[in-house]
Amino acid sequence: MPLMTSKQYVESLAKMDRNIWFQGKKIEDPINHPLLIPSRKCLEETYDMAFMPEFEDLMTATSQFTGHKINRFNHIHNSKEDLNKKVKLQRLMGQRTGSCFQRCVIMDMANSFYSTTYEIDETYGTTYFQRFKDYIIRCQDEDLIVAGALTDPKGSRSAKIGGDEQDKDLYLRVVERRPDGVVVNGAKAHLTGITNAHEVVVLPTQAMRPGQEDYAIAFHLPLDAPGITMIVGRQSCDTRKMEDIADIDLGNAKFGGIEALTIFDHVFVPNENIFLNGETDFAGMLVERFAGYHRNSYGGCKSGVGDVAIGAASLIAQYNGTEKASHIKDKLVEMTQLNEQLYCAGIASSAEGWQTKAGNYMVDLLLANVCKLNVTRYPYEIVRLMEDIAGGIMVTAPSEADLRSAEIGHYVEKYLVGNAVNAEDRLRALRLCENLALGTAAVGYRTESMHGAGSPQAQKVMITRQGNFEGKKGLAKRLAGIKE
Ligand code: SF4
Ligand code: FE
């Protein structure tokens, strides 16, 4: 049964005994905890939309392994058209949720594992490719949500991995080797959507060198495996989700993203779950390919959330009675130009994709890195323009509880009205702007735009490598008549 309903998805999560913490307390009932629900609603949306005929083409794909109709988030890209649909799917989901919808990491990791394990086997005669293929077929057929774990906490960035200057566990590593598997110890940071996932795939944080074999480890595990602890990250305005009368104050009461610091405290990984084990020369390929796919993804998801920001800005301009002012129109055009540039680079990096040795399709790395470098800047400018249009009331307006108050609610209703709009709807539009700029969605729209899929310097390093400056020097020399 390759396509689950959202109800079946929630039931499957409820059967798991997961160890999730927030504000120093264990969350005993993760299914009904108000902090975790908006994140799960995003994931539920990926199940629900797969059954909607109008979204079927983007939300689902046919597995090349089984012929089954599967959710596209678990698909191995078979063509450039698949890469194109991936970005379109991400824009659609960004529009629907106004948030990071958290299911893309496995799509991007699976495709990088698929091609890299093939090449590891070619070099070392290992059998990782078949093992990974079997795993992704299971994810497809069981319609699983798989979180991805890349970033180690690192401690001092100038300390050597595995060196004696600091705690070795700051990079996740193998601490024991047994005939039937390995024991790993360490942690992974910023794990998107992990509190509502079934499984996690772990990969090294960066390229590794000989001598760092214990850190060149990749594997999958169910998230109720003994020794795994998820500590939910704080977000600005997060406890509004736990208040009784705060639907308006949330801005986007239904959807939101979650990240967690995830600890692997002496966790056993059976051999059959391992996809890389000491082959240090392939850690870099794995990470680089994952980063490439995920940087391409941002051209879709962030432009989708950008559409919501542009919509919120247009709406509040209407409610403020400023929408006919020429400077407001100009700002909306500028927001749109910036947003479409993000999408252009996402689509271009898909269109220029290429076939790997394993047969799946990889995005163009230069264009994907340019895409993500733009994402580290443009959403900030889009949000700045949205705040300019919204006005200061976006951050000084009274709460929903004030609006509902029998004693003072009439003041809020009287003084918060706008241009042919009541106070409640104007507050709703303002709070959505606040949510995108400063609230829980800001994690997904602003800071994630900066650091998700790698910080700007990581993209500049890749652009330096992919930029072919020597080839371009040759073009210049030829035209300038310089012979060597
Ligand atoms: Fe998907 Fe974007 Fe969230 Fe990454 S940041 S998981 S690409 S929505
Ligand atoms: Fe992300």
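The values are calculated or read from the model by the stated rules, or taken from the named source; none is laboratory data. Note that this is a predicted model, so its numbers are computed, not measured. When we count neighbours, we look across all protein chains shown, and the Cβ atoms used for this are built from the backbone with ideal geometry, even at glycine.
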Looking only at residues that are surrounded by fewer than 17 Cβ atoms within 10 Å (Cβ to Cβ) and on the phi > 0 side of the Ramachandran plot in segment 133-170, which one is farthest from the chain's Cα centre (by Cα)? GLY162
Scope segment 171-184; condition farther than 14 Å from HIS220 by Cα and either of a type in the set (Asp, Glu) or surrounded by fewer than 18 Cβ atoms within 10 Å (Cβ to Cβ) (or both); matching residues: VAL175, GLU176, ARG177, ARG178, PRO179, ASP180
Among the residues of segment 435-467, which ones are away from ligand 2 (no atom under 16 Å from the Cβ), among the β-branched types (Val, Ile, Thr) and touching a residue at least 60 places away in the same chain (Cβ under 8 Å)? ILE463
Just to be sure I understand the filter: pairs with C-beta atoms under 7 Å, separated by 6 or more residues or on different chains, first member in segment 290-309 and β-branched (Val, Ile, Thr), second member near ligand 2 (Cβ under 10 Å from one of its atoms) and in a helix (DSSP H, G or I). Which pairs pass? VAL305/GLY444
Condition (residue is within 16 Å of ligand 2 (Cβ to nearest atom), among the hydroxyl-bearing types (Ser, Thr, Tyr) and in the same structural domain as VAL308 (by TED's automatic domain parsing)) applied to segment 384-401: is it met by at least one residue? no
Could you tell me which residue of segment 455-483 is surrounded by the fewest Cβ atoms within 10 Å (Cβ to Cβ), considering only residues that are modelled with pLDDT of 95 or more and not in a helix (DSSP H, G or I)? GLY481
Against the condition of a type in the set (S, T, N, Q), within 16 Å of ligand 2 (Cβ to nearest atom) and touching a residue at least 60 places away in the same chain (Cβ under 8 Å), how does THR229 come out, does it pass? no
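Closer than 23 Å to THR239 by Cα and either assigned by TED's automatic domain parsing to the domain that holds VAL267 or not in a helix (DSSP H, G or I) (or both), is that true of PHE101? Full working, then the answer.
Working: closer than 23 Å to THR239 by Cα: yes; either assigned by TED's automatic domain parsing to the domain that holds VAL267 or not in a helix (DSSP H, G or I) (or both): yes.
Taking the combined requirement at face value, the residue satisfies it.
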Can you report the number of residues in segment 185-202 which are buried (at least 24 other Cβ atoms within 10 Å of the Cβ), more than 16 Å from ligand 1 (Cβ to nearest atom) and not β-branched (Val, Ile, Thr)? 1
Exactly one of these conditions fails for GLY304: (1) under 18 Å from the mean Cα position of the chain (by Cα); (2) surrounded by fewer than 21 Cβ atoms within 10 Å (Cβ to Cβ). Give me its number. (2)
Run down SER63, SER112 and say which single residue is within 16 Å of ligand 1 (Cβ to nearest atom) and of a type in the set (Gly, Ala, Ser). SER112
Quick check on my filter: what residues within segment 440-459 are over 16 Å from ALA368 (Cβ atoms), in contact with a Pro (Cβ under 7 Å, 6 or more places away or on another chain) and within 11 Å of ligand 1 (Cβ to nearest atom)? TYR445
Regarding segment 85-100, can at least one residue be identified that is in contact with a Leu (Cβ under 7 Å, 6 or more places away or on another chain), farther than 22 Å from LEU150 by Cβ and more than 14 Å from ligand 1 (Cβ to nearest atom)? yes
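Among ALA291, ALA312, which is within 16 Å of ligand 2 (Cβ to nearest atom) and assigned by TED's automatic domain parsing to the domain that holds VAL363? Give the derivation first.
Details: ALA312 fails: within 16 Å of ligand 2 (Cβ to nearest atom).
Being within 16 Å of ligand 2 (Cβ to nearest atom) and assigned by TED's automatic domain parsing to the domain that holds VAL363 holds for just one of ALA291, ALA312, which is ALA291.
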Which pairs do you get when a residue that is in the same structural domain as ASP121 (by TED's automatic domain parsing), found in segment 259-275, comes within reach of a residue that is assigned to a strand (DSSP E or B) and polar (S, T, N, Q), reach meaning Cβ atoms under 6 angstrom, with the pair 6+ apart or on two chains? GLU259/THR192; ILE263/THR229; HIS266/ASN185
Can you run down the residue pairs with Cβ atoms below 7 Å, 6 or more apart or on separate chains, where the first is in segment 238-251 and within 16 Å of LEU430 (Cα to Cα) and the partner is in a loop (DSSP other than H, G, I, E, B)? ARG240/ALA246; ASP247/ALA253; ASP249/SER399; GLY251/GLY439
Out of all the residues in segment 253-263, is one or more surrounded by fewer than 18 Cβ atoms within 10 Å (Cβ to Cβ), within 16 Å of ligand 2 (Cβ to nearest atom) and over 28 Å from ARG138 (Cβ atoms)? no
Contacts under 8 angstrom Cβ, first residue in segment 158-182 being in a loop (DSSP other than H, G, I, E, B), partner loosely packed, with under 14 Cβ neighbours inside 10 Å and of a type in the set (Phe, Trp, Tyr), 6 or more apart: none
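Would you call ALA189 touching a Pro at 6+ places or on another chain (Cβ under 6 Å), under 24 Å from ARG40 (Cβ atoms) and in contact (Cβ under 8 Å) with a residue 24 or more places away in the chain?
yes
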Being part of a helix (DSSP H, G or I), within 16 Å of ligand 2 (Cβ to nearest atom), closer than 20 Å to GLY359 by Cβ and touching a residue at least 24 places away in the same chain (Cβ under 8 Å) is true for just one of ASN84, ASN111. Which residue is that? ASN111
Looking at segment 302-350 only, could you name the residues that are within 30 Å of SER79 (Cα to Cα), more than 14 Å from ligand 1 (Cβ to nearest atom) and in contact with a Phe, Trp or Tyr (Cβ under 8 Å, 6 or more places away or on another chain)? LEU338, ASN339, GLN341
For segment 48-80, enumerate the residues that are over 22 Å from the mean Cα position of the chain (by Cα) and assigned to a helix (DSSP H, G or I). PHE51, PRO53, GLU54
